């Protein structure tokens, strides 16, 4: 019990601003459900949970010293993280639901989705910042920024797979053949390249701005 209390206190002190932001999202969603009596936007709770996973992975990697682990362990952790990373900025695309007939609180719904999307972007940047720290300890610094840019572009493609082809991160395990078939098929679609690069460059610029502010 005492250890749990210490862990709770540590988490609260270390992540207080982020927890406050997530609590605000819960308040907005709870308020809408209570007043409207509908659960239409409840999927946002699941989406923000998925957005937290990559940041949780990188934080655990930093705390457990994954950078000093064996190469195959580092590779598996990296692949797992990369598979879930697009879920964080993916929330941007949830603005499409504002056209749904159930979205009858236009301005409130717009603000709520915007707030969730901002938190998704924040979690993306925080997680990628952790990865930069890990990369600095395992690869030459000249490779860090090209790797970061590649991660942003891959995340852009992950958003495309999720929003337009309706795949989830776990489909890598449960629908590998179907996923591979659709990926190969998308290589012939100019729209896939357009959306991937648009999302990718946007995420990269957001990350650079965050690093610039931090420095």
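The values are calculated or read from the model by the stated rules, or taken from the named source; none is laboratory data. None of the values given here were measured: they were computed from a predicted structure. Here Cβ is always computed from backbone atoms with ideal geometry, including for glycine, and neighbour counts include all displayed protein chains.
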Report summary line: Scanning the range 133-143 residue by residue, those in a helix (DSSP H, G or I) and either surrounded by fewer than 17 Cβ atoms within 10 Å (Cβ to Cβ) or in contact with a strand residue (DSSP E or B) (Cβ under 6 Å, 6 or more places away or on another chain) (or both) turn out to be 133, 136, 141, 142, 143
Query raised in the report: Of the residues in the range 38-90, how many are modelled with pLDDT of 90 or more, part of a loop (DSSP other than H, G, I, E, B) and out of contact with any helix residue (DSSP H, G or I) (no Cβ under 7 Å at 6 or more places or on another chain)?
Result: 1
Query - Any pair with Cβ under 9 angstrom, 6 or more apart, that starts in the range 24-40 at a residue that is without any contact (Cβ under 8 Å) to a residue 24 or more places away in the chain and ends at one that is surrounded by fewer than 15 Cβ atoms within 10 Å (Cβ to Cβ) and part of a loop (DSSP other than H, G, I, E, B) - result: 33/39
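Pull up the range 100-110, narrow it to residues that are in contact with a helix residue (DSSP H, G or I) (Cβ under 8 Å, 6 or more places away or on another chain) and surrounded by fewer than 13 Cβ atoms within 10 Å (Cβ to Cβ), then point me to the one that is nearest to residue 19 (Cα to Cα). Quick ask: steps written out before the conclusion?
Initially, the range 100-110 is screened for residues in contact with a helix residue (DSSP H, G or I) (Cβ under 8 Å, 6 or more places away or on another chain), giving 100, 102-106, 108-110.
Add one more test, that the residue is surrounded by fewer than 13 Cβ atoms within 10 Å (Cβ to Cβ), and what stays is 100, 102, 104, 106.
On the way: 100: 30, 102: 29, 104: 29, 106: 27 Å.
Here the residue is 106.
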